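Report on one structure; see the data block that follows.
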């Protein structure tokens, strides 16, 4: 009998946030729109290569995903996403090195290594202002567009909050399920973990 599908994969909309008051490393949570926990993740401090685990419900629950970098420097690293339950390689997220210095940009690769989509920050001029002006991120919250096979299947929109980095994730446009939900969850966690460092 197949295992039940984790609840996080059954939601088209959810909230993703970076935990505050962590002394070492970073923590992330995904919850329903009314605040019920769906998944939790921790990013260990002082790791030469990123190795992020995503757990069902909260950290301490069953491990669902592993997100592992292919190299020490994450400037243009590729992050392999593995289903922790089956060991199956689901896909890869690859940061677009130099272009991400000016506007966050990622590629989404399927399990065979074929580029199927991309994730981009909302606009070039807003991205530039955020990098040049410290308080701009408060006035110009980020939005990421998730595109697969030429169509926008999701958005990740930052809520205006000076204390907590929080995003509303909307995958309702992915009616055909072209973006596997485990890869979608990994994308959200990775953007919080890697791009969140510049916030």
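Details
- Close pairs (7 angstrom Cβ cut-off, 6 or more residues apart or separate chains): over 13 Å from residue 152 (Cβ atoms) in segment 165-182, assigned to a loop (DSSP other than H, G, I, E, B) anywhere: 165/199; 166/159; 167/159; 168/159
Here's the yes/no breakdown for (1) modelled with pLDDT under 80; (2) touching a strand residue (DSSP E or B) at 6+ places or on another chain (Cβ under 9 Å); (3) within 18 Å of residue 174 (Cβ to Cβ):
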position: 3; (1), (2), (3): yes, no, no
position: 12; (1), (2), (3): no, yes, yes
position: 41; (1), (2), (3): no, yes, no
position: 46; (1), (2), (3): yes, no, no
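- Identification of helices (runs of 4 or more DSSP H) wholly contained in segment 86-199 with 3 or more residues that are at pLDDT below 95, within 19 Å of the chain's Cα centre (by Cα) and at negative phi yields 181-194.
- Residue 59 falls short on exactly one of the conditions (1) assigned to a loop (DSSP other than H, G, I, E, B); (2) modelled with pLDDT of 90 or more; (3) crowded, with 17+ Cβ neighbours inside 10 Å, and that condition is (2).
- Selection count, segment 148-176, where residues are surrounded by fewer than 18 Cβ atoms within 10 Å (Cβ to Cβ) and over 19 Å from residue 31 (Cα atoms): 8
The values are calculated or read from the model by the stated rules, or taken from the named source; none is laboratory data. Bear in mind the structure is a predicted one, so any value in this text is a computation, not a measurement. Neighbour counts are summed over all protein chains in view; Cβ atoms, including those assigned to glycine, are modelled from backbone coordinates with ideal geometry.
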